[in-house]
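The values are calculated or read from the model by the stated rules, or taken from the named source; none is laboratory data. The model shown is predicted, which means the values in this text are computed figures rather than measured ones. Cβ sites come from the backbone with ideal geometry, for glycine too, and all protein chains shown count toward neighbours.
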Amino acid sequence: MRARHCFVNGEERALGTGMTISGLVRAEGLDPETVRGVAVALNNTVIRRNEWSGALVNHGDRVEIVTAQQGG
């Protein structure tokens, strides 16, 4: 059986069965329950935070996780 993959911020990642946006955010080292200033897009569509736990990531999907940063 072929391995399943998705792309997170342009980098290929192995994809587990039933992986959600919440799971990917957690795999990136962020706690999806408490993190602030983070937006997630799945295949160029922004996913609302309250939908992360139900939004499945499929083979070949592209996910962008963007973190707001202060500075100047």
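Computed values, structure above
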{"quantity": "Selection status of Leu56, within 12 Å of the chain's Cα centre (by Cα) and modelled with pLDDT of 95 or more", "calculated": "yes"}
{"quantity": "Near pairs, Cβ below 7 angstrom, 6+ apart or cross-chain, from the stretch 30-46 (surrounded by 10 or more Cβ atoms within 10 Å (Cβ to Cβ)) to any residue that is hydroxyl-bearing (Ser, Thr, Tyr) and outside any loop (DSSP other than H, G, I, E, B)", "calculated": "Pro32/Ser22; Val38/Thr67"}
{"quantity": "Top-ranked residue in the stretch 47-72 [being more than 18 Å from Arg13 (Cβ to Cβ) and not polar (S, T, N, Q); ranked as surrounded by the most Cβ atoms within 10 Å (Cβ to Cβ)]", "calculated": "Arg49"}
{"quantity": "Filter result (at pLDDT 95 or above, β-branched (Val, Ile, Thr) and farther than 18 Å from Arg48 by Cβ) within the stretch 7-26", "calculated": "Val8"}
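Here is a yes/no grid of residues against (1) assigned to a strand (DSSP E or B); (2) hydrophobic (A, V, I, L, M, F, W, C); (3) touching a Phe, Trp or Tyr at 6+ places or on another chain (Cβ under 6 Å):
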site: Gly23; (1), (2), (3): no, no, no
site: Leu30; (1), (2), (3): no, yes, no
site: Glu33; (1), (2), (3): no, no, no
site: Val46; (1), (2), (3): yes, yes, no
site: Trp52; (1), (2), (3): no, yes, no
site: Gly60; (1), (2), (3): no, no, no
site: Val63; (1), (2), (3): yes, yes, no
site: Val66; (1), (2), (3): yes, yes, no
site: Gln70; (1), (2), (3): no, no, no
